[in-house]
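Each remark here refers to the structure printed beneath this line.
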Amino acid sequence: MLVWERPEPPDRPVPAPLSRDLIVRTAVELADEAGLESVSLRKLAGALDVGPMRLYGYIDTKDELLDLMVDAVHAEIRPAGDGWREVLTSVAEATRRAVHRHEWFADLIGGRPQLGPNALARGEAVLAALGGVDVDIVMPVVTAVDAYVIGAVRREIAEWRAERATGLDKRQWQKTFGPYLERTFATGRFPALETVVRDGAHLDADETFRIGLGFLLDGIGAGIEAGRPESTRQQGDHPPG
């Protein structure tokens, strides 16, 4: 029986009250403070002031614990808006905010399908908003947005971790490696790259995420419209969103 369906042991007020929800909330706090490497059953038991063996009444494996933690974060990702474009935008932005609050979340999303109640509720809300889209392309649409968000947030987190590891923020990194790029560009081997670096807009992470998501949704809208039968289109009809 999966952890989502397995009942908890009867409550025992001593030596310390315990529940699956308390275990998960404590594990999330540990991961937020010190990363996933800080989440072991031994450390978790210590934080809860219980013996490690007592945890096994609530979870069987660390993988189950990670699944529960991921689902707890999914509760923070609530779709909002009217129509497929607003809903997909809200989910993308809410997922990014969740990763900013829980850096470790970026390491776990995009893996095996999430089957917890919060993840399923999020999926139901998104698919309901896409109810007017051909059922054969609904999942490719959702998957494309998920892939964009996962790639974007993982890149952001990688940059944060690199800053912490090297002690160099973006401006300091540019100052350190700028002379190397100048020498490289002087060879004339990378003219297109040089033009973008010298003349292109230097957008921050928020702007980059928003613009990229907009391009993706524009393409999805065009694809949805192109796939609609001519008989369903009205004069002056425009792509959804």
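Every residue, every condition in (1) more than 30 Å from residue 129 (Cα to Cα); (2) at pLDDT 85 or above; (3) among the acidic types (Asp, Glu), yes or no:
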site: 143; (1), (2), (3): no, yes, no
site: 151; (1), (2), (3): no, yes, no
site: 193; (1), (2), (3): yes, yes, no
site: 196; (1), (2), (3): yes, yes, no
site: 215; (1), (2), (3): no, yes, no
site: 231; (1), (2), (3): no, no, no
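Of all the residues that make up region 201-213, how many are in a helix (DSSP H, G or I) and either touching a helix residue (DSSP H, G or I) at 6+ places or on another chain (Cβ under 8 Å) or not hydrophobic (A, V, I, L, M, F, W, C) (or both)? Matching residues across region 201-213 total 8. Would you check if there is a residue in region 5-18 being among the charged types (D, E, K, R), at pLDDT below 90, surrounded by fewer than 19 Cβ atoms within 10 Å (Cβ to Cβ) and within 30 Å of residue 131 (Cα to Cα)? Scanning region 5-18 turns up at least one residue that is among the charged types (D, E, K, R), at pLDDT below 90, surrounded by fewer than 19 Cβ atoms within 10 Å (Cβ to Cβ) and within 30 Å of residue 131 (Cα to Cα). Of all residue pairs spaced 6 or more apart or on separate chains, those with beta-carbon atoms under 8 Å, a first member in region 193-222 that is among the hydroxyl-bearing types (Ser, Thr, Tyr) and a second member that is surrounded by 12 or more Cβ atoms within 10 Å (Cβ to Cβ) are 208/152. Residues in region 159-168 that are within 22 Å of residue 210 (Cα to Cα) and either surrounded by fewer than 12 Cβ atoms within 10 Å (Cβ to Cβ) or of a type in the set (Asp, Glu) (or both): 159 only.
In region 147-158, of all residues being in contact (Cβ under 8 Å) with a residue 40 or more places away in the chain and among the charged types (D, E, K, R), the one that is surrounded by the fewest Cβ atoms within 10 Å (Cβ to Cβ) corresponds to 154. The set of residues in region 96-138 that are touching a Lys or Arg at 6+ places or on another chain (Cβ under 9 Å) and polar (S, T, N, Q) contains only 114.
Being within 30 Å of residue 127 (Cα to Cα), of a type outside the set (D, E, K, R), surrounded by 14 or more Cβ atoms within 10 Å (Cβ to Cβ) and at pLDDT below 95 is true for just one of 104, 84. Which residue is that?
Details: 104 fails: at pLDDT below 95.
Only one candidate qualifies: 84.
The values are calculated or read from the model by the stated rules, or taken from the named source; none is laboratory data. Just so it is clear, the model here is predicted, and its values are computed rather than measured. For neighbour counting, all protein chains shown are included, and Cβ atoms are generated from backbone atoms with ideal geometry for every residue, glycine included.
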